There are 2 protein chains.
Amino acid sequence: MIKAVPRCLDCVFNQAYRITEILSMDEEKAWNFLKNSMIALGNVPDKTSPLHMTRVMYDVLESFGYTDPFRDHKSYSIELARKFLSEMKNRVKNAEDPLFEALHVSAAGNAIDFGQRDTSPEKVRERLISVLEKTFHAPAYEEFRKDLEKGKTVLFIGDNTGESVIDTILMCLLKDKGYEILYAVRHVPIINDVTYQDAVASGIQECAKIIDSGSVYPGVILDESSEEFQEAFDRASVVISKGQGNLEGLYGVSEKVFFLLTPKCPHIAEIAGVPELTPVFYRAL
Amino acid sequence: MIKAVPRCLDCVFNQAYRITEILSMDEEKAWNFLKNSMIALGNVPDKTSPLHMTRVMYDVLESFGYTDPFRDHKSYSIELARKFLSEMKNRVKNAEDPLFEALHVSAAGNAIDFGQRDTSPEKVRERLISVLEKTFHAPAYEEFRKDLEKGKTVLFIGDNTGESVIDTILMCLLKDKGYEILYAVRHVPIINDVTYQDAVASGIQECAKIIDSGSVYPGVILDESSEEFQEAFDRASVVISKGQGNLEGLYGVSEKVFFLLTPKCPHIAEIAGVPELTPVFYRAL
């Protein structure tokens, strides 16, 4: 698991502030939510992880009566991602190495931050394409191909709702090759992460069996995951960990785990060994 | 005085985070300073001002043993600003209306954020020129010229160290026209704001008499200012309030006050009625 650095306090609090804008909180509620978040975050232990810090902030948000506050936001993200799906499918189909390109497209999907201000389809597509134009840093690709052949099961751990739609390209491709695909979701809504309901809305069941990771964090922590998840983890020959949150939780845990993401903060970019906003596929052990 | 909005919590805390980087705090100290700042800021009253919030954070910084932590930083800023001084002087001298251009150059000086990462002379000059290339929004200019003639004394309230050097162009021009110029500084070091010592190092005494505002905030609050400042305020026919902090403190206080700045946050830009990073000279009453 990744340990938080002081910068994480600023980042998580800035997320809290952006939540007040995304949810159009009235001024009094925003003050109270932000001040309570500050006090809660000001009391986290120094040895905590970014995942636990986000959970602390989210607990405060829930105490203000928000349950799945990103419901509408997530539905919009799915709708939006569907607009790019056939373009991305064609990109993969026409590629020299479709598996490599499917990984690339999936990593780039992670760069779309639906929490940003301008979420018009044009702007989101622009961001997606700008990441796709960068060289895909994939040092783990050959090992992944080799490890894939060791078994029949691939465990894919989902991250944000919206990119989940794009992830079906990679998963369907693997399914068509004869693999059983398991797709792990968060146990409860946290920010815009994929829950069971969001996975179904994203069409995941067309290529994968949806399972509950048991995670209440914006990333899976193996020790705190469900029995179903742990069994899937043991059974899979490879685990595709999508996004920053899952990397934070699963870092250093097993050599089965391949991290597929586009780092959006300097701390994670440094750990992944690439500049920020560079799509990357690598193994940490 | 300007009332804080929820966004100010995020901004002041982000300043605290940037301070840990500027001062190269070790990780343990950074954690402790940031967490203590969070708890202190999480307890401010909702009806507070941004100035009071910065003071709260700065009190925490001082409690960690930092006295005038920006000493070196301010010296560097002065040295840097001196590099641009003759270029800016020529710009004013060759202008069709030197007084107007001196105000413009002074406002643009406010846009140089020496707290930013890249503080190389090239980068800072680039930022200065980019603001100077924008149209100077100066609706108060004619009123200012008229009000200037009502007396003999101009009170100029300084803001950041470094831009203080650039401000001498405007003040020397007014002095040459026969005005007595008083230049108000902060009572104590707060962030990179001009203290008596910094004003002297900036060469202010060549064109103005330096007075103590009595302010312990990053802006002057009239009710809490020194007797010397209040007397100067009464005596002056016009008061030039430089930068965001002084605007926050003096907003709505007197029609003598002319605000000269380049807003660097959406809240102040909205109050000033210009887009962010647009140099502006206006009167609020």
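What is the local net charge at A:VAL60, summed over the other residues whose Cβ is closer than 14 Å to its Cβ (Lys, Arg +1; Asp, Glu -1)? Each step should come with its number before you reach the end.
Details: positive: A:LYS29, A:LYS35, A:ARG55; negative: A:ASP59, A:GLU62.
For residues surrounding A:VAL60, the net value is +1.
Considering just Cα atoms, how many Å³ per residue does the convex hull of the range B:55-135 enclose?
Numbers: hull volume 9.5 nm³, N = 81.
Looking at the range B:55-135, the number lands at 117 Å³ per residue.
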Next item on the list: Considering the convex hull of the alpha carbon atoms of the range A:171-244, report its projected area averaged over all viewing directions, in nm², one decimal.
Entry: 4.9
Check: Sorted by average packing, counted as other Cβ atoms within 10 angstrom per residue and highest first, what order do B:151-162, A:49-60 take?
Finding: B:151-162, A:49-60
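What's the whole-number percent of alpha carbon pairs in chain A lying beyond 32 angstrom?
The answer is 19 percent, as a whole percent.
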Next item on the list: Starting from the Cα coordinates of the protein assembly as shown, work out the convex hull volume and express it per residue in Å³.
Entry: 152
Margin query: With the label 7 angstrom out along Cα to Cβ, how close does B:LEU222 come to the same site in each of the other copies, in nm, nearest first?
Written below: 6.6
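Report, as a whole number in µm² per second, the diffusion coefficient that Stokes-Einstein gives for the range A:1-99 at 4 °C and 1.567 mPa s using the Kirkwood radius over alpha carbon pairs. It would help to have the intermediate numbers written out before the result.
Numbers: Rh = 15.9 Å.
Answer, rounded: 81 µm²/s.
Going through the range B:121-206, which GluC sites (Glu not before Pro) have at most 16 other Cβ atoms within 10 Å and a DSSP loop state? Before the final figure, lay out each step's value.
Details: sites: B:GLU122, B:GLU126, B:GLU133, B:GLU142, B:GLU143, B:GLU149, B:GLU163, B:GLU180, B:GLU206; in loops: B:GLU133, B:GLU149.
Counting only loop positions with at most 16 other Cβ atoms within 10 Å, the GluC sites (Glu not before Pro) in the range B:121-206 are B:GLU133, B:GLU149.
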Check: Based on DSSP H runs of at least 4 residues, each adding -39500 (n - 2.57), what is the mean residue ellipticity at 222 nm of chain A after dividing by all its residues, to the nearest 500 deg cm²/dmol?
Finding: -16000 deg cm²/dmol
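For the range A:131-198, what does the convex hull of the Cα positions come to per residue, in cubic angstrom? Before the final figure, lay out each step's value.
Working: hull volume 8.0 nm³, N = 68.
Normalising the Cα hull of the range A:131-198 by residue number yields 118 Å³.
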Notebook entry, point to check: Nm distances between the label at A:SER63 and the same-position labels in the remaining copies, 7 Å along Cα→Cβ, shortest first?
Noted result: 2.0
Note to self: Over the Cα atoms, compute the radius of gyration (one decimal) and Dmax (the largest Cα-Cα distance, rounded to a whole number) for the range B:6-63, in Å.
What the structure shows: 10.8, 34
Item checked: Cysteines (scope the protein assembly as shown) whose Cβ has no counterpart Cys Cβ under 4.7 Å -> A:CYS8, A:CYS11, A:CYS265, B:CYS8, B:CYS11, B:CYS265
Check: Looking only at A:ASN36, A:ASN110, A:ASN94, which one moves most when chain A is put into a Gaussian network model with springs between Cα atoms under 10 Å?
Finding: A:ASN94
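Below 8 Å between Cα atoms, with a sequence gap of 6+, how large is the relative contact order for chain A in percent? Let's see the in-between values first.
On the way: 499 pairs, mean separation 60.8, N = 285.
Here the relative contact order equals 21 percent.
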Notebook entry, point to check: Share of Cα-Cα pairs in the range B:221-285 beyond 20 Å, in percent?
Noted result: 25
Next item on the list: At 7 Å along the Cα-to-beta-carbon direction for both A:GLU276 and B:THR135, put a label point, then send me their distance in nm to one decimal.
Entry: 3.3
Check: Fully extended, how many nm does the chain gain between A:ASP68 and A:ARG235 (0.36 nm per residue separation, minus their Cα-Cα distance)?
Finding: 57.0 nm
Next item on the list: Point me to the residue of chain A whose C-beta lies closest to the A-onto-B rotation axis, rounding the distance to whole angstrom.
Entry: A:MET38, 2
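The numbers here are math on the coordinates, done by the rules we state, and not lab data. Not measured: the values here are computed from a predicted model. Using ideal geometry, Cβ is built from the backbone for each residue, glycine included, and neighbour counts are taken over all protein chains shown.
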